[in-house]
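The values are calculated or read from the model by the stated rules, or taken from the named source; none is laboratory data. Worth saying up front: this structure is predicted, and the values here are computed from it rather than measured. Don't worry about glycine lacking a Cβ; one is built from the backbone with ideal geometry, like all the others, and counts go over all protein chains shown.
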Amino acid sequence: MDAETFDLFRTTVRRFVSEKLIPAEDAVEEADAVPETIIQQMRDMGLFGLSVPEEFGGIGCTMAEEAAIIREITRASVVFRSVIGTTVGIGSQGIVMDGTEEQKREWLPKFATGEAIASFGLTEPEAGSDAGSLRTVAIRDGDNYRITGTKRFITNAPRASVFTLMARTEPDVKGAAGISAFILPANTPGISFGKPDKKMGQKGSITTDVILDDVVVPAANIIGGVPGRGFKTAMKVLDRGRIHIAAVALGMCQRLIDMALQYAMERKQFGQRIADFQLVQAMLADMKVDMLTTEALMQSVAAKFDAGEPVSLECAALKYYASEAVGRIADRAVQIYGGAGYMAEYKVERFYRDVRLLRIYEGTSQIQQTIIAKQMIRQAEAAA
């Protein structure tokens with residue numbers, strides 16, 4: 001997409017966020033669901049196809065362009081982003097990156113239009129941060145596999161059309177080896193869902209367990225057609241997803257700063273605006289610095305990703321910094337609001353709860369630290 005077309009698209013998204021999404025936030029929080037009318041508008045705008053290549057009917061955004069659009073969307077409640085997030089990101093990208101041509105032709109045009117919603121099945125009750133220890137097994141049976149296991153905290157599971165699902169095709173092989181990535185249609189017999197999770201925040205974003213009871217799937221549904229490569233696919237998908245999550249954080253940073261600054265300029269104590277007190281100014285300044293640092297790092301990492309450079313360390317660093325930064329910004333925003341910031345009638349309270357998850361999903365902050373340090377050690381050993 002040329003620069004002028006992209007700028008027009010971004011402006012359209014910005015207007016949609018301001019005129020449709022932000023006004024709907026309270027209703028979504030109350031109902032714990034995003035209205036179908038808004039989901040359809042997102043389909044009509046092509047938002048489900050942000051990351052799908054143009055040859056398959058998508059918008060074909062670069063990583064930098066996708067991040068810019070996601071940043072616009074998450075100026076509104078992050079749950080609107082969650083509707084498209086798994087299809088734009090971790091649910092579809094395994095097929096985009098490693099799928100066969102036949103797999104791409106079957107699924108990517110459906111993702112582009114929002115006809116199909118993708119979800120990502122990696123986390124399990126006993127395999128969270130230690131993804132290599134997953135216990136879901138896929139046993140070969142002729143031209144098929146039989147999958148049994150449970151996936152946990154799966155975003156968009158009940159509304160998904162298909163899962164990118166990780167299962168162990170070689171049960172005797174420990175660790176990451178022997179894990180394969182499957183394309184699993186959601187209407188396959190043997191799939192059921194647990195009760196919707198009751199979460200601290202992000203109400204309107206649906207997560208449930210996915211229970212797999214002797215689910216039969218063709219061997220041809222292994223992503224790329226080769227078993228045993230699923231963990232590598234998952235890690236590539238998560239590298240990319242970490243840039244996406246940083247963009248989520250950046251949009252939330254902007255909204256939190258806007259709300260805190262507006263409140264500080266309106267609220268009066270001791271006969272003057274609280275924005276005129278130096279300690280409040282210090283908090284505002286720290287918030288802005290955190291946001292600008294996140295923005296600069298995201299732009300750098302996205303550019304390297306788009307250039308095809310190896311960026312696993314940088315993706316981990318970006319996700320780590322961005323998710324921690326938005327947490328600090330949310331905390332300072334509540335502090336600026338004072339007692340009012342603790343009240344549910346103010347949106348800053350909701351954002352404070354919503355941002356907490358960013359330090360956990362798609363790799364906790366501690367996992368990112370581990371990735372960064374291990375990469376540093378490998379680089380030092382290679383240079384020795």
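Quick rundown of the values:
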| quantity | calculated |
| --- | --- |
| Test result for K195, assigned by TED's automatic domain parsing to the domain that holds S133, within 19 Å of V79 (Cα to Cα) and either out of contact with any Ser or Thr (no Cβ under 7 Å at 6 or more places or on another chain) or at pLDDT 95 or above (or both) | yes |
| All helices (runs of 4 or more DSSP H) inside the stretch 1-120 with 2 or more residues being closer than 23 Å to K236 by Cα, aromatic (F, W, Y) and assigned by TED's automatic domain parsing to the domain that holds R255 | none |
| Search result, residues across the stretch 121-145 that are closer than 30 Å to V52 by Cα and out of contact with any Lys or Arg (no Cβ under 9 Å at 6 or more places or on another chain) | S129, D130, A131, D143, N144, Y145 |
| Failed criterion for L238 (all others in (1) under 18 Å from I360 (Cβ atoms); (2) at pLDDT 95 or above; (3) buried (at least 22 other Cβ atoms within 10 Å of the Cβ) hold) | (2) |
